[in-house]
Amino acid sequence: MTEPQKIESFRDNFFKSVLLSLDTNRVLTDKSKLFIHESNTIGSKKKLSGLIQPISVPEIQTIIKLANQYQIGIYPISLGKNWGYGSKLPPTEDSVVLDLSKMSKIIDYNPELAYVIIEPGVSQLQLYDFLKSQDDNHVMDPSGAGPSASVVGNILERGFGIGRYCDRFTSVAGMEVILPNGEVLKTGFWGFENSKLTGTHRWGVGPYLDGIFTQSSFGI
């Protein structure tokens, strides 16, 4: 078996294994349908091997485990619409895009302590509408990426808004990160079970780790 044949075999086995855990409509390998995902806003193009849409952390862990087993490159995106930061195009050919757009829950909102916990698929418009429906004094500080852009995606690219708290990353008080080996890391006080400080204090205890997960590929 030649090296290209070996790579193709690994890729085929990877997708077959993924399909044992995910619905077929969330695993895209049809080249004609992948076409719209293979270019960005400045005209750069990269050929994709596929696109997968997980809906939970356990599904992402399964995908990461299989990607390691079959030596497949994974490129995560939130919504892929942070236009000024590369949109959704991987840096290398034949990557598999991990599209997190279906993970769009607003997990928690604390009006007294003024924080939200959101998944990567939550858009600026979704968060704006949610806060408006609460009839409180909190607002979503928008970026210029538009209403359909991911809040988390913009933060991880160290984007900025236009209001008082325009440096969005400085307002992050914790992350849940899936590491390349599939383990889950929670930063800040989020890593302590039943902590009453979750979402209220940026630094947590010990070394500060959040920064290494921005503009990087150290975790999802």
Checking ARG26 against (1) free of Cβ contacts under 8 Å to residues at least 24 places away in the same chain; (2) touching a Lys or Arg at 6+ places or on another chain (Cβ under 8 Å), the condition it does not meet = (1)
What is the residue count in segment 45-94 for residues that are of a type in the set (Gly, Ala, Ser) and surrounded by 18 or more Cβ atoms within 10 Å (Cβ to Cβ)?
-> 6
Taking PRO54, is it outside the structural domain of LEU185 (by TED's automatic domain parsing), within 18 Å of GLY121 (Cβ to Cβ) and free of Cβ contacts under 8 Å to residues at least 12 places away in the same chain?
-> no
Is it true that some residue in segment 103-113 is more than 15 Å from the chain's Cα centre (by Cα), surrounded by fewer than 17 Cβ atoms within 10 Å (Cβ to Cβ) and without any contact (Cβ under 8 Å) to a residue 12 or more places away in the chain?
-> yes
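The values are calculated or read from the model by the stated rules, or taken from the named source; none is laboratory data. None of these values were measured; they are calculated from a predicted model. Positions of Cβ are generated from backbone atoms using ideal geometry, with glycine treated the same way; all protein chains shown enter the neighbour counts.
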